[in-house]
Amino acid sequence: MQEKILGDNIIEVESIDKTFPNGVRALHNFSTKVRRSEVLVIIGPSGSGKSTFLRCLNGLEEIDGGSIVIDGIPLDDNKKHRLEIRKEVGMVFQLFNLFPHLTVLENVNLAQRLVRKKSKKGATETSMTLLRKVGIPEKADAFPNHLSGGQQQRVAIARALAGNPSIILADEPTGALDTQVGKDIMQLFVDLNAKEGITVIIITHDPKIALQCKRSVNMKDGTLVED
């Protein structure tokens, strides 16, 4: 079996466009590259196309033109390519998207059981390791509504890591949190990057968040205005 050759850029986006059926043009001739093991913040006002871009990266939204390549794999109509890319990419949402009727441990276990077909014991061992990484192993048996916003976001990050992705996409991960908790969550992403080498892309509208990272890209009206 031929060994996969790893390039410097883990994501390459070239001249992508996206217009929604209602006529709103979310992305226009947008290009950027993300280096392997980089933490990138994409910043811009509401409606600038940030979240649409993130959703295009893992195929949740279809692009109208241009190209996206994730770790050497083109995001195209090939189902095998899309499956490989989704294994590479973990997603963290602003509103956590945890299942309220499941415990923290069950939330982190779920995809491992359903997608990876892990045993309950194997999934639980992985989940507890991840909950320790994000700093809340003692909350394993708690339900989401018994957690603070910051704790829920830590669970969401653990869940995103459960698939052992090489890339984490975080859509406004601090938007629903107060300032200090938001800083703590950002620091968690930075620490995960430093310790695990995970590439992290974070969407935000808050310029202060960008100060915690080395590189930021500014978007406006679906285009890149500053890198």
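No lab work stands behind these numbers, since they all come straight from the coordinates. Remember, predicted model here, so these are calculated numbers, not experimental data. No Cβ is skipped: glycine too gets one built from the backbone with ideal geometry, and neighbour counts run over all protein chains shown.
Between residue 120 and residue 60, the FRET efficiency estimated from the beta carbon spacing at R0 = 22 angstrom works out to 0.15. Electrostatic bookkeeping for residue 142 treats Lys and Arg as +1 and Asp and Glu as -1; over the other residues with beta carbon under 13 Å from its beta carbon, the sum is -1. The gain in end-to-end length when the residue 223 to residue 19 segment is fully stretched comes to 72.2 nm, 0.36 nm per residue minus the alpha carbon separation. Here r is the Cβ-Cβ distance between residue 146 and residue 194 and R0 is 41 Å; the resulting FRET efficiency, rounded to 0.05, is 0.85. Axis of helix 179-196 versus longest Cα principal axis of the chain: the two differ by about 90°, to the nearest ten degrees. Dividing the summed -39500 (n - 2.57) terms of all DSSP H runs of n ≥ 4 by the residue count of the chain sets its mean residue ellipticity at 222 nm at -10500 deg cm²/dmol. Bridges between two residues of segment 9-226, per DSSP, are antiparallel at a rate of about 50%.
I'd like the FRET efficiency for residue 205 and residue 35, computed as 1/(1 + (r/R0)^6) with the beta carbon distance as r and R0 of 22 Å, rounded to 0.05. Efficiency, from the Cβ-Cβ distance: 0.40. For segment 58-69, backbone phi angles converted through the Karplus equation (6.51, -1.76, 1.60; θ = phi - 60°) give residue-by-residue couplings of 10, x, 6, 10, 8, 7, 8, x, x, 8, 10, 10 Hz, Gly and Pro being listed as x. Scanning residues 5 or more positions from residue 64 or on other chains, those with amide H under 5 Å from its amide H are 17, 18, 19, with H placed 1.01 Å from N in the peptide plane.
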